[in-house]
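One structure is given below, encoded as structure tokens.
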Amino acid sequence: MLRLSADCVVIALEAEYVSAVCLRGRKRERVASMRIPLTLREGVPAFDELDAWLADPAVSGSKQLEAVISNTWARYEILPWQPNLLDDGLSLDYARALLTEQYGDVVNQWTLALSPARFKHNRLVSGMDARWMAALEDLAKRHAMKLTSVRPLLVAIFNRLAKELPKSGLLAVVEPGRLCLLQMRDGEWHSLQNRVLPEPWERKLPPMIAQASMALNATDEPLFITAPVHRRAMLDDVSGTWLKLPPQRGFDPRQDREWAFCLGC
């Protein structure tokens, strides 16, 4: 009897863990999953245990590899619309210059990606250590897989929730140890902050949001909060709407919170 091979593996490089799920078929049936502490070797994820898991008969044979990258490991910048930046190459050069002003020469060692170009609209630039991208590509190559997607968490979550958001407002993406606050204005990616969120996050989040809202001149704008792997907390002095990742094939937010970054984004 021939064994049906799994179709896809999705891994999430979280702040402290590596999570992975193996999905099969159009129903995205989860046939295997694993979570291990994230270990860095000279600043790059060590995939030894993930390699062993991918070689397991229950998982091997997968053809595609997708990755979701925690906001802990991603850096962002808003690229303002300019009519002379219609070319992606020029836009990336400008984006690298903006990021260098903020982070220094280390930006030359990053892989950058741009959101799709839209006439008279700002673009989002995301960056990550180029060695991490190379490590993911090598991982896929070792297991005869195609790396089809590498998504920063902010982008993945925004794409899932965009229909529930107004044209102007704040979106707070909360994950263990990290707060990413995106400001939308008139349908534009206007500004954002990507900050460390200390524990206990339920106490730290309200003053951090209040401080950021004042800095962004957005104290009167509606606030939306999503914390996919956390349970909803009672946040004093914060008036906001909690959003859950919507269910989709293979993902039920009521049961699969542990795997939200792999299955729900």
- Note on the structure: Leu92: passes all of (1) modelled with pLDDT of 95 or more; (2) under 27 Å from Lys141 (Cβ atoms); (3) surrounded by 12 or more Cβ atoms within 10 Å (Cβ to Cβ) but (1)
- Query: Looking at region 59-80, is at least one residue in contact with an Asp or Glu (Cβ under 8 Å, 6 or more places away or on another chain), over 16 Å from Ala260 (Cα atoms), open to solvent by 10 Å² or more (accessible area, probe 1.4 Å) and without any contact (Cβ under 8 Å) to a residue 40 or more places away in the chain?
  - Reply: no
- Task: Answer yes or no as to whether Asn84 is closer than 26 Å to Leu192 by Cα, touching a residue at least 60 places away in the same chain (Cβ under 8 Å) and in a loop (DSSP other than H, G, I, E, B).
- Result: no
- Residue tally, condition within 24 Å of Ser168 (Cα to Cα) and surrounded by fewer than 17 Cβ atoms within 10 Å (Cβ to Cβ), over region 195-220: 10
- Query: Inside region 158-183, can you point out the residues that are assigned to a helix (DSSP H, G or I) and surrounded by fewer than 16 Cβ atoms within 10 Å (Cβ to Cβ)?
  - Reply: Asn159, Ala162, Lys163, Glu164
- If we keep just the residues of region 226-265 that are among the aromatic types (Phe, Trp, Tyr) and assigned to a helix (DSSP H, G or I), which is farthest from Ser33 (Cα to Cα)? Phe261
- Condition test on Leu50, is it open to solvent by 20 Å² or more (accessible area, probe 1.4 Å) and not in a strand (DSSP E or B)? no
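The values are calculated or read from the model by the stated rules, or taken from the named source; none is laboratory data. Because the structure is predicted, anything quoted here is derived from the model rather than measured. Note that each Cβ is placed from the backbone with ideal geometry, even for glycine, and that neighbours are counted across all protein chains shown. Side chains included, ligands, DNA and RNA excluded: accessible areas come from the protein's heavy atoms. Shrake-Rupley method; radii C 1.70, N 1.55, O 1.52, S 1.80 Å.
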